[in-house]
1. Of the numbered conditions (1) over 17 Å from ALA154 (Cα atoms); (2) of a type in the set (A, V, I, L, M, F, W, C); (3) in contact with a helix residue (DSSP H, G or I) (Cβ under 6 Å, 6 or more places away or on another chain), ALA86 satisfies every one except a single condition; which is it?
2. Tell me which residues, restricted to segment 98-114, are of a type outside the set (Ser, Thr, Tyr) and either on the phi > 0 side of the Ramachandran plot or part of a loop (DSSP other than H, G, I, E, B) (or both).
3. Counting only residues that are farther than 16 Å from ASN87 by Cβ and of a type in the set (S, T, N, Q), give me the strands (runs of 3 or more DSSP E) lying completely in segment 118-180 with at least 1 of them.
4. Of everything in segment 157-201 that's closer than 20 Å to ALA89 by Cβ and aliphatic (A, V, I, L, M), which residue is farthest from the chain's Cα centre (by Cα)?
5. Quick one: is ASP175 closer than 14 Å to LYS57 by Cβ, modelled with pLDDT under 95, surrounded by fewer than 19 Cβ atoms within 10 Å (Cβ to Cβ) and in the same structural domain as GLY92 (by TED's automatic domain parsing)?
6. Quick one: would you say SER183 is hydroxyl-bearing (Ser, Thr, Tyr) and either outside any strand (DSSP E or B) or surrounded by fewer than 18 Cβ atoms within 10 Å (Cβ to Cβ) (or both)?
7. What are the residue pairs meeting all of these: first residue in segment 83-97, first residue outside any loop (DSSP other than H, G, I, E, B), second residue surrounded by fewer than 14 Cβ atoms within 10 Å (Cβ to Cβ) and of a type outside the set (Val, Ile, Thr), Cβ atoms under 9 Å, and 6 or more apart or on different chains?
Amino acid sequence: MNVSLKKLTDALTRLQSQINALSASAGVLSIVAGAGITVDATNPQHPVVSLTALIPKFWRVYITANNGNAVAAVDEIEMSAAAGGANIAMGGTPFASSSLSGWPPSQAFDGINVDPGWASNSGTAFPQYVGTKLATATKVNSIKIHARNEATAAPSQAPQAFTIQSSLDSTTGLDGTWTNEWSVTGQTGWAVGETRTFTRP
């Protein structure tokens, strides 16, 4: 089970806080299910409390700089549990911080590696992000970014520095608390339609 020490500690902390909330007057302990905590109360006299794997559904590419253009753009983003693995980003619910007309985030996760993909709104300052709510919660360990297949824009609009982030509590992709999973810098010199793979260190 892939659960980071921090996430497991957070779940234990939440469980401990609920235990500490034991009612002094009635002596009743009420444990509430939440992220990382499940409660099986089939037998009210002996409820079973379990810590579950904290694996996010929400993942995004948080772009802090591209290669000189006012717009960040990609034709496709793939996500997988392991390098060379199946693309799990398709079939989810895409979202983005902003989108240029005709370039919505859904086109970055449609399996089509040509224009149009996703592009941030012209003139909107960095950072910008694009991501998806996966159909099934999965720990993403590798992503592929496909640059635009347009000679003028591809080198300048492709991301130069970005962080892969995840969220356990987001509901739309535009809210919630986000965790930095790994960061990438120095991505210059993109060729037209080039694909680059970035794997968790």
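The values are calculated or read from the model by the stated rules, or taken from the named source; none is laboratory data. All figures in this text were calculated on a predicted structure; none of them were measured in a lab. Heads up, the Cβs are rebuilt from the backbone with ideal geometry, glycines too, and the neighbour counts pull from every protein chain shown.
1. Going through (1) over 17 Å from ALA154 (Cα atoms); (2) of a type in the set (A, V, I, L, M, F, W, C); (3) in contact with a helix residue (DSSP H, G or I) (Cβ under 6 Å, 6 or more places away or on another chain) one by one, ALA86 breaks only (3).
2. Across segment 98-114, the qualifying residues are LEU100, GLY102, TRP103, PRO104, PHE109, ASP110, GLY111, ILE112, ASN113, VAL114.
3. Qualifying strands (runs of 3 or more DSSP E): 128-133, 159-167.
4. ALA158
5. Answer is no for this residue.
6. When the stated conditions are applied, SER183 passes them.
7. Every condition considered, the pairs that remain are THR93/ALA135; PHE95/LEU174; ALA96/LEU174.
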